[in-house]
Every structure is written in structure tokens, then in C-alpha cells.
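Notes follow once the structure below has been shown.
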Amino acid sequence: MNPRNIPPATRDDPARERRHSLLGLVSSALLTGAAFALVLAQPFARPVLLACIAALALVQIGCQLFFFLHIDLRRSHRDDLQLVLFTSLVIVLMVAGSMWILSSQHAMMG
Amino acid sequence: MRFASGTDRHPGLNIHGRDPDAHRAAEPVIFGFWIFLMSDLVLFALLMATYASMSLHGIAGGPTPRQAGDLASAGVETALLLASSFTFSLTSLALKYRDDRRALVGWMALTGLLGLGFLGCEAKDFASLIGKGWAPELSGFLSAHFTLLGTHFLHVACGLAWMAVMFVQIAVRGLDQAVATRIMRLALFWHLLDVVWIGIVTLVFLQGSLS
């Protein structure tokens, strides 16, 4: 625990990392604000609005993974990123499958 | 290469420059915790799928998603949780760069307060729904609504309990290696709860008020 052990690596720079966190806060706040503003003002038709808030949410999730969870495309992060992508695949299969089954069950019962 | 020195080894803030021994010890436990968090993400995704299905087909004469969701309250909750995610990243930076633990404890305490505020707001939402007679057993939709939000609520409450344990351990043991990696795992847990909340806000409150 000796500060002199810090190598001259550029990424280990407190000011830079504080800015990184601040960018996470600002980008998330802007994206959230935009999504709420769209829903309150409703300037477009409903399908367009739904696509917009879904896109804003996805971008914000990406921002938080990058700025707060430090997941990126660097080689040393590949395993973590692959795990995120594999989990996303499992989620898409399970969620899409469940929705399909539930909606056709509903259609047959109705 | 995963085992090269001086590189990031795990999700979240890496402390390799600051404390190389703790960094090496941290890799397997944090990667393992990351696997747990991914399985948690699957749980939330399936609760959201159930919610999406129930909000279409499970109204059963009860309230609609638009009536049940309070957009203003969701805005306050989102702001509180986002602010707490930011203050936790300052906690991590204090862990990495500062020798005095006052900054770390201060930022983590502020994170805890913001988390408590979030829980308070959500508890108020739950109470107001039940006060209107819209309890979970009224319809499939309300069951799914309470299950999804309640699961997230419990996760945040667990995060706060974990924080309380960390305050005690910092006071008793100081910032040793084990305590430091526990705080790093708590950071991942906390940040991911905010990521899940983005999905919940978009699906339940924003999408709900457009329905």
C-alpha cells in the first residue's frame, strides 16, 4: 500500500478517472432526461416513441457498463465482455421464447 | 493476456498500480462474482419478460400499467440511484488512490444515504398502490409488477446491508486486502443494480405511461 508503487501508466491517473466517472454521471443523466422528456412531450407516434426510449435505454446501459463498470474492448477485458455477450444471448433466447409461448397460450385461450 | 502484470484483470475499477498483491488476489474472486451477477441479470430479464406479458394479458379488470406507474416518483428514484452509482465510483477511486479512509467512508456513507432514499421512495409507491386496493393478488399484472420491483428493492436493501457490514469491517480490520476486494465486489453489485433499474424504468414506467 505504498503510493510510490504506482507505475507511470496513463490510465492510473486520479484526475482522469474522476473525469471518467463524471462523464458516466452526465451521459446517464442526459439520456434519462431525454427519455423522460420524450414520454412527457410525446412529439411522435407511439411506435416511434417506444423505439426511441428503448434505444436511449440501450445506449445508457452501454455508457454505464463503460464508465462505471469499466467494461470495454481492451484485450484484457475480453473474458468479461464475452460473458456479458453470452448472458445477453441467453437472455434473448429465454425472454423471446417465454414471450412467444405466453402470447400464443393467451391467443389459444382467448 | 489475462495474467500480464499492470493490466486490468476484472470488471470494475482495477487497483493494479496501487496495490499489486491485492490486485492479483482480486482477479478470481471478482471474476466469480461477475458470473453470479450475470446470472442475476438473467433472473431480472425473465421477471421483465413475465411483466411484459402480464401487462398485456394480465390486467383482469384491475389497474393498467399507466394507472399503476407513478412517473414523477420514478424520476426521483432514477435520479437517486444514478447519483448513488456515481458516488460509489468515487468510493472506488478513494479506495484506489487515497490512503486516508475518511474519503472512502464518506463517499460510501453518501451512497448508502442515496440508496436509503431510493428505498423510501419505492416503499411509498408500494404503500400507495396497496392503499388504493391494488395489492399484488388483484391481477396477474400487479403480481408481476410487485415481483419485478420488489426483487430489485430487495437487491438494493441487500446492498445497503453489505455496506453496513463493510463500515464495521473497515472500523475493526482497517482496509486490508480482503476488505478491499469486498468493497470492489460491492461496487460491481451496486453499479449493476443501476443498470437493471434503467431497464425497469424504461419497461415499467416509460413504456407503461405510453400504453
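Where residues in segment B:52-90 are among the hydroxyl-bearing types (Ser, Thr, Tyr) and at the interface with chain A (Cβ under 8 Å from one of its Cβ atoms), which of them is farthest from residue B:198 (Cα to Cα)? For segment B:52-90, the residue satisfying everything is B:53.
Residues in segment B:124-139 that are surrounded by 15 or more Cβ atoms within 10 Å (Cβ to Cβ), in a helix (DSSP H, G or I) and of a type outside the set (D, E, K, R): 4 in all.
Among the residues making up segment B:118-154, a single one is over 21 Å from the mean Cα position of the chain (by Cα) and of a type in the set (Asp, Glu): B:137. May I ask you to say which residue of B:116, B:192, B:186 is touching a Phe, Trp or Tyr at 6+ places or on another chain (Cβ under 7 Å), part of a helix (DSSP H, G or I) and within 16 Å of residue B:81 (Cβ to Cβ)? B:186 is the lone residue from the list that is touching a Phe, Trp or Tyr at 6+ places or on another chain (Cβ under 7 Å), part of a helix (DSSP H, G or I) and within 16 Å of residue B:81 (Cβ to Cβ).
Conditions tested, residue by residue: (1) within 14 Å of another protein chain (Cβ to nearest Cβ); (2) among the hydrophobic types (A, V, I, L, M, F, W, C); (3) surrounded by 17 or more Cβ atoms within 10 Å (Cβ to Cβ).
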position	(1), (2), (3)
B:122	no, no, yes
B:141	yes, yes, yes
B:146	no, yes, yes
B:155	no, no, yes
B:184	yes, yes, yes
B:193	yes, yes, yes
B:200	yes, yes, yes
B:204	yes, yes, yes
B:208	yes, no, yes
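Of all residues in segment B:73-125, those satisfying the criterion of being at pLDDT 95 or above and aromatic (Phe, Trp, Tyr) are B:86, B:88, B:107, B:118.
Determine whether segment B:30-53 contains at least one residue that is farther than 29 Å from residue B:147 by Cβ, part of a helix (DSSP H, G or I) and either out of contact with any helix residue (DSSP H, G or I) (no Cβ under 6 Å at 6 or more places or on another chain) or touching a residue at least 24 places away in the same chain (Cβ under 8 Å) (or both). Within segment B:30-53, one or more residues are farther than 29 Å from residue B:147 by Cβ, part of a helix (DSSP H, G or I) and either out of contact with any helix residue (DSSP H, G or I) (no Cβ under 6 Å at 6 or more places or on another chain) or touching a residue at least 24 places away in the same chain (Cβ under 8 Å) (or both). Of everything in segment B:1-29 that is modelled with pLDDT of 80 or more and surrounded by fewer than 21 Cβ atoms within 10 Å (Cβ to Cβ), the residue that is farthest from the other protein chains (Cβ to nearest Cβ) is B:29.
Do we find a residue being over 23 Å from residue A:65 (Cβ atoms), within 16 Å of the chain's Cα centre (by Cα) and in a helix (DSSP H, G or I) anywhere in segment B:76-96?
Yes, some residue in segment B:76-96 is over 23 Å from residue A:65 (Cβ atoms), within 16 Å of the chain's Cα centre (by Cα) and in a helix (DSSP H, G or I).
The set of residues in segment A:39-66 being touching a residue at least 12 places away in the same chain (Cβ under 8 Å) and within 8 Å of chain B (Cβ to nearest Cβ) consists of A:39, A:53, A:56, A:57, A:60, A:64, A:65. Of all residues in segment B:30-51, those satisfying the criterion of being facing another protein chain (nearest Cβ under 8 Å) and more than 30 Å from residue A:36 (Cα to Cα) are B:31, B:34, B:35.
The values are calculated or read from the model by the stated rules, or taken from the named source; none is laboratory data. All of these numbers come straight from a predicted model, not from anything done at the bench. Heads up, the Cβs are rebuilt from the backbone with ideal geometry, glycines too, and the neighbour counts pull from every protein chain shown.
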